[in-house]
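The values are calculated or read from the model by the stated rules, or taken from the named source; none is laboratory data. What you see is a predicted model; the values in this text were computed from it and never measured. Virtual Cβ from ideal backbone geometry, glycine too; neighbours counted across all protein chains shown.
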Amino acid sequence: MLPDELPDADEDAGLTREDVERRVDDWLNRLRDLLRIVERWAMDNGWAIESRDAVPMHEELMERFGLAQREQPGLTLRDRAGDKLLVRPKGLWVIGANGRVDLFTKRGAFVLIDAAEPFSAPNWRLFKVGGGHENGRDFDPSMLSDMV
């Protein structure tokens with residue numbers, strides 16, 4: 001069998017359009033829940049919500065199954081000193097995770113992944129890009145103060 005004759009990954013897994021829609025809906029719900037927790041912590045600790053941003057989502061499996069682009073929630077926060085923290089969803093289908101969210105500050109970039117199985121309670125793990133936290137740490141919003 002030549003490489004161009006290999007079955008697509010979604011055919012191997014037996015995915016349907018409905019499966020992909022359910023995963024997208026689940027991802028967007030997990031993101032909204034995560035950002036609500038982050039926002040609540042930020043407001044309780046004197047941070048400002050600068051903006052709630054929409055990040056387009058139109059991943060390969062969505063295209064393959066003819067699903068319309070969706071909007072993922074993003075967030076921009078400022079701590080009491082005025083330093084900015086950007087929270088941007090990267091994508092649902094990433095290797096080794098059930099979704100990824102990138103966080104950017106003047107001190108560096110961080111990656112937040114959901115290490116849980118699909119349709120399970122989220123298990124958010126935080127990693128520092130470029131070193132540190134090799135195994136990740138269980139995410140708690142209080143970690144944000146160490147990131148800015």
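Only one of (1) touching a strand residue (DSSP E or B) at 6+ places or on another chain (Cβ under 8 Å); (2) without any contact (Cβ under 8 Å) to a residue 24 or more places away in the chain; (3) more than 17 Å from Asp79 (Cβ to Cβ) fails for Gly99. Which number is that?
(2)
When both residues are 6+ apart or on different chains and their Cβ atoms are under 7 Å apart, which pairs have a first residue that lies in the stretch 19-33 and is without any contact (Cβ under 8 Å) to a residue 40 or more places away in the chain and within 14 Å of Pro122 (Cα to Cα), and a second that is among the aromatic types (Phe, Trp, Tyr) and in a helix (DSSP H, G or I)?
Pairs found: none.
Suppose we keep only residues that are of a type in the set (S, T, N, Q) and surrounded by 14 or more Cβ atoms within 10 Å (Cβ to Cβ) within the stretch 56-85. Which one would you say is nearest to the chain's Cα centre (by Cα)? Walk me through how you get there before you give the answer.
Taking the stretch 56-85 first, the residues of a type in the set (S, T, N, Q) are 69, 72, 76.
Okay, now just the ones that are also surrounded by 14 or more Cβ atoms within 10 Å (Cβ to Cβ), so 72, 76.
Values: Gln72: 9, Thr76: 14 Å.
Only one residue fits best here, namely Gln72.
Quick check: is even one residue across the stretch 28-47 aliphatic (A, V, I, L, M), at pLDDT 95 or above, farther than 21 Å from Ala116 by Cβ and in a strand (DSSP E or B)?
Looking for residues that are aliphatic (A, V, I, L, M), at pLDDT 95 or above, farther than 21 Å from Ala116 by Cβ and in a strand (DSSP E or B), one finds none in the stretch 28-47, hence no.
Any residue in the stretch 63-77 that is in contact (Cβ under 8 Å) with a residue 60 or more places away in the chain, out of contact with any Gly (no Cβ under 6 Å at 6 or more places or on another chain) and either closer than 17 Å to Ser145 by Cα or not in a strand (DSSP E or B) (or both)?
Start the filter on the stretch 63-77 by keeping residues that are in contact (Cβ under 8 Å) with a residue 60 or more places away in the chain, which leaves 77.
Filter again for out of contact with any Gly (no Cβ under 6 Å at 6 or more places or on another chain), leaving 77.
In the following step, the residues that additionally are either closer than 17 Å to Ser145 by Cα or not in a strand (DSSP E or B) (or both) were identified as 77.
Within the stretch 63-77, one or more residues are in contact (Cβ under 8 Å) with a residue 60 or more places away in the chain, out of contact with any Gly (no Cβ under 6 Å at 6 or more places or on another chain) and either closer than 17 Å to Ser145 by Cα or not in a strand (DSSP E or B) (or both).
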